[in-house]
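No value in this document is a laboratory result; all are computed from the given coordinates. For clarity, every value in this text was computed on a predicted model and none was experimentally measured. Note: ideal-geometry Cβ built from the backbone for every residue, glycine included; neighbour counts use all protein chains shown.
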Amino acid sequence: MSNELDCNGRVLDLRTPQVMGILNVTPDSFSDGGQHNTGDAAVRHAVQMCAEGAAIIDIGGESTRPGAEAVSLDEELDRVIPVIERLHQEVDVPLSIDTVKPAVMRAAITAGAGLINDVNALRAEGATETVASLGVPVCLMHMQGSPGTMQKQPAYENVTLEVKDFLQARIAACEQAGIARDRIILDPGFGFGKSLAHNLQLMRELSAFTVAGLPLLIGVSRKSMLGRILGAEPDQRLYGTIALQTLALMQGVHILRSHDVRAAVDCVKTVMAVKTGYVTD
Ligand code: YH5
């Protein structure tokens, strides 16, 4: 694995695990006003996450929560592009664009983003070619089904092996299209077409995904598997989130996608102190 990823001119250092701060730019996520307010609040929130130690900000304009409805191309562009342009000026970390649409990927990179985060693993028409021509890193996430229906009847013979096979096939498709292998990040996709039992097995067996030699990213922050384990609403899932992130770090994960950046950064520092036997900074 190469330790430093060039994200459109900004470097992501993966010699130590890093935290990716989640920035949802949907009308419901900053519910304190109209369009202008949404943009202002989003930029303020991202600046705060960087101050807390986020090494990447992941910007998403389309909700990919189970059952969420699709957003039109124009609507998604209107939401994310102005925020990317402003954030590119105001923070110095790489910005990632959480989208499945090639047109949004291209516009986001032009606006200053440096990394593509695709929950659909570049399966949209033209997506692999688009990312190959943009020359930026990409996170390939596993999802069974589509956001509208994925939680209806998730089924696997062996979830770990099937997710691994899927990711191997997507790596091959990416390489075929001209995406360099050292620009690919993998993600098993917690909660995307998985039952609680599937999510728990993936967490127990996460180290299976680091053998591909590529960086591994996980998103467990506040997810409904914690709702099931704890019987708690999203805003009461932080301690459970940190427990899962600790388990993931012990198994070699490189990037934690998190709402609660400060807590995740402390988790990284603590686990890495134990793993290495020393403290940095
Ligand atoms: C991910 O795992 N997830 S969006 C439901 C929740 C809480 C959070 C309250 N994008 C991932 O964060 N990208 C999302 O219940 C992602 N990996 C990558 N690479 C879903 C989300 C969430 C959903």
Which of rounded, prolate or oblate describes the stretch 178-281 when judged by the alpha-carbon gyration tensor and an a/c cut-off of 1.5? oblate
Residue separation between Glu125 and Met272 times 0.36 nm, minus their alpha-carbon distance, gives in nm 48.9 nm
Okay, helix-only estimate at 222 nm for the chain: each DSSP H run of n ≥ 4 adds -39500 (n - 2.57), divide by all residues, round to 500 deg cm²/dmol; what do you get? -13000 deg cm²/dmol
Pull up the DSSP beta bridges for the chain and report the antiparallel fraction as a percent, rounded to 5. 15
Percent antiparallel among DSSP beta bridges with both residues in the stretch 53-190, to the nearest 5? 0
Cα gyration tensor, the chain - rounded (a/c under 1.5), prolate or oblate: rounded
Hey, can you rank 125-138, 178-191, 262-275, 149-162 by average C-beta count inside 10 Å, highest first? 178-191, 125-138, 262-275, 149-162
Do you know the Lys pair count in the chain for C-alpha distances under 19 Å, with sequence separation 8 or more or different chains? 4
Treating only the Cβ atoms of Lys and Arg (+1) and Asp and Glu (-1) as charged, compute the dipole magnitude of the chain about its Cα centre; round to the nearest 20 debye. 780
In the stretch 215-281, with Lys and Arg counted as +1 and Asp and Glu as -1 at Cβ, which of these residues, Val279, Val265, Met225, has the Cα nearest the positive end of the dipole, that is, farthest along it? Met225
Applying the gyration tensor rule to the Cα atoms of the stretch 120-213 (axes a ≥ b ≥ c; rounded if a/c under 1.5, else prolate if a/b exceeds b/c, else oblate), the class is oblate
